[in-house]
Amino acid sequence: MSEPLLQRTPLHSCYSRYEGVRCIDFGGWELPVQFSGIQKEHEAVRERAGLFDVSHMGEFYAEGPGAESFLQRMTTNDVSLLGPGKAQYTLLCYPDGGVVDDLLVYKRDEGKYMLVVNAANIDKDWEWLRRHLPAEGVSLRNVSAATALLALQGPLAASILSPLCEGHDPGALRPFTFYPEARACGIKTLLARTGYTGEDGFELYAAAEDAPALWDALMRAGEARGLVPAGLGARDTLRFEACLPLYGQELSQSISPLEAGLGRFVKWDSGSFIGREALLKQREDGVPRRLVGLEMIDRGIPRTHYPVYAPGSESPIGEVTTGTQSPTLKTNLGLALIASAHAAAGTELEVEIRGKRLKAKVVPLPFYRRNALAKP
């Protein structure tokens, strides 16, 4: 029986121009894990700029006079706070407080919203939203296949992009704001000051057929400033250092926003969103688990699903959700979901790595802040 064909983004044809490119199966998509090396790409984004193809992400339009109240019911943040040209990070929850997905909501105009969801969850999210759609007042459109997404990230992103835009200054955008109809390199885009790296940067949504021309124009414009194409490997290490959650690791159907440390995106006064009652009870009772940062004391790299122990305990108190040697901080770090009783900063714990329990300590989050390179 033949293997199913992997999906490809509109930018797939551009990958072969780069000698060191290596593609992998990422949730059914054939995507580059690296172009020139994860470490090089990571450093480029921290110091200069990197360009990512994230066109595998999903985009839905929610429109109509009832769109705001619908999204208020579906998501944990307060959609009513958005004016046109503003975006917010939020979550879809199950009634028991588990997470369907985390996403961005962009308010394009009154009654017009764009939802950007994780690639692996496109079908699940679409069905969840459709299931709760009111009989009238809201329409949903899945425009994922017609939409490409490029992420230009790094401290030089604004200086690279600004000369390429007509009539809109990217540098004037504040974080989580956007131009609904900008032109970059002569191509119509929704241009947002958002990203997933912990650095300054922009995300450019364009028609799928325009994506290769936009990629080429951005790469040409940024070449002299050290812009490099960057893959999934660097995207993961960058978001990890900034402690931005990855669905399936720091968030899931069994991990609530409160356990993941995302309580600031749960607005209790925004209305009766799905999952509110369960999350409110969790808040009142105290969350049983917390996401913490771990810095290894002994030599060893914590990896996803490695068990975490309290010293002397026979049973694990949790597990690592993501871990690696931080390319920026040069330290072995991990995010771990553990019993709340052991979550205080400075607590010494043990991570089982290849059959050995190695010492680690709980450290404050995030590991990395822009313009603040001190170790935790």
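The values are calculated or read from the model by the stated rules, or taken from the named source; none is laboratory data. As the structure is a prediction and not an experimental result, all values here were calculated from the model. Don't worry about glycine lacking a Cβ; one is built from the backbone with ideal geometry, like all the others, and counts go over all protein chains shown. Just the protein is used for accessible areas: all its heavy atoms, side chains included, with ligands, DNA and RNA removed. Shrake-Rupley method; radii C 1.70, N 1.55, O 1.52, S 1.80 Å.
Annotations for the structure displayed:
- Pairs where the first residue, in the range 121-145, is over 25 Å from Ala208 (Cβ atoms) and the second is open to solvent by less than 60 Å² (accessible area, probe 1.4 Å) and of a type in the set (Ser, Thr, Tyr), C-beta under 9 Å, 6+ apart: Leu133/Ser139
- A residue that is more than 23 Å from the chain's Cα centre (by Cα) and buried (at least 19 other Cβ atoms within 10 Å of the Cβ) can be found somewhere in the range 222-242.
- Taking the range 187-199 as the range and being open to solvent by less than 30 Å² (accessible area, probe 1.4 Å) and either in contact with a Lys or Arg (Cβ under 8 Å, 6 or more places away or on another chain) or at pLDDT below 95 (or both) as the test, the residues that pass are Thr189, Leu190, Thr197, Gly198, Glu199.
- Cβ-Cβ contacts under 8 Å between residues 6 or more apart (or on different chains), taken from a first residue in the range 1-30 that is at positive phi and assigned by the TED database to the domain that holds Glu41 to a second residue that is open to solvent by less than 100 Å² (accessible area, probe 1.4 Å) and part of a loop (DSSP other than H, G, I, E, B), are listed as Gly27/His56; Gly28/Leu6.
- Residue within the range 152-167 that is in contact with a Phe, Trp or Tyr (Cβ under 6 Å, 6 or more places away or on another chain) and either assigned to a loop (DSSP other than H, G, I, E, B) or without any contact (Cβ under 8 Å) to a residue 40 or more places away in the chain (or both) present: no
- Filtered residues of the range 1-52 (kept if modelled with pLDDT of 95 or more, assigned to a loop (DSSP other than H, G, I, E, B) and under 22 Å from the mean Cα position of the chain (by Cα)): Arg8, Thr9, Pro10, Leu11, Phe35, Gly37, Arg48, Ala49
- Lys112 vs. criteria basic (Lys, Arg) and touching a Phe, Trp or Tyr at 6+ places or on another chain (Cβ under 6 Å): no
- A Cβ distance below 8 Å, combined with a sequence gap of six or more or placement on separate chains, defines the contacts here; from the range 278-302, residues that are farther than 27 Å from Gln253 by Cβ and touching a residue at least 60 places away in the same chain (Cβ under 8 Å) reach no residue that is aromatic (Phe, Trp, Tyr) and outside any loop (DSSP other than H, G, I, E, B).
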